[in-house]
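Trainee: My structure is below; once you've seen it, I'll send some questions.
The values are calculated or read from the model by the stated rules, or taken from the named source; none is laboratory data. None of the values given here were measured: they were computed from a predicted structure. Cβ placement follows ideal geometry from the backbone for every residue including glycine, while neighbour counts extend to all protein chains displayed.
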Amino acid sequence: GVFHHPNLDEIPTSDSERASVLIALDEALNRLTEFDSRRARIVELRVFGGLSVEETTHALGLSPRSVIRDWNVAKAWLMRELSGENPSA
């Protein structure tokens, strides 16, 4: 893959770079949705929707602690997916 440890908190701002990152992220997110739809939804709201942790808690009816924990787990999983370090997946 082209990506080396992308930072989901800082999506690139140049249009072409941003587009390729978001396409790869969307594909990885589809894989995440298959086995953890809640965490995938949190990533969608935060990355694609631009919501804060607080806004995400209201949108999903979760506690801030749950959103932060799920966000961190989902980010780690997605960064592993995007960097191509997942063994035999």
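Trainee: Could you please let me know if residue 28 is closer than 12 Å to residue 79 by Cα, in a helix (DSSP H, G or I) and at pLDDT 80 or above?
Mentor: Criteria met by residue 28.
Trainee: Where residues in region 33-62 are assigned to a helix (DSSP H, G or I) and polar (S, T, N, Q), which of them is farthest from residue 21 (Cα to Cα)?
Mentor: Out of the qualifying residues, it is 57.
Trainee: Hey, can you tell me all the residues within region 63-88 that are in contact with a Lys or Arg (Cβ under 8 Å, 6 or more places away or on another chain) and more than 24 Å from residue 19 (Cβ to Cβ)? Reasoning before the result, please.
Mentor: Looking only at region 63-88, we keep the residues that are in contact with a Lys or Arg (Cβ under 8 Å, 6 or more places away or on another chain), and these are 70-71, 73-74, 77, 81, 86.
Selection gives 70, 73.
Trainee: Would you be able to tell me the number of residues in region 17-37 that are surrounded by 15 or more Cβ atoms within 10 Å (Cβ to Cβ) and within 16 Å of residue 67 (Cβ to Cβ)?
Mentor: 2
Trainee: I need every pair where a residue in region 73-87 that is at pLDDT below 90 has its Cβ under 6 Å from the Cβ of a residue that is small (Gly, Ala, Ser) and in a loop (DSSP other than H, G, I, E, B), sequence separation at least 6 or different chains.
Mentor: From residues that are at pLDDT below 90, the pairs are 84/1.
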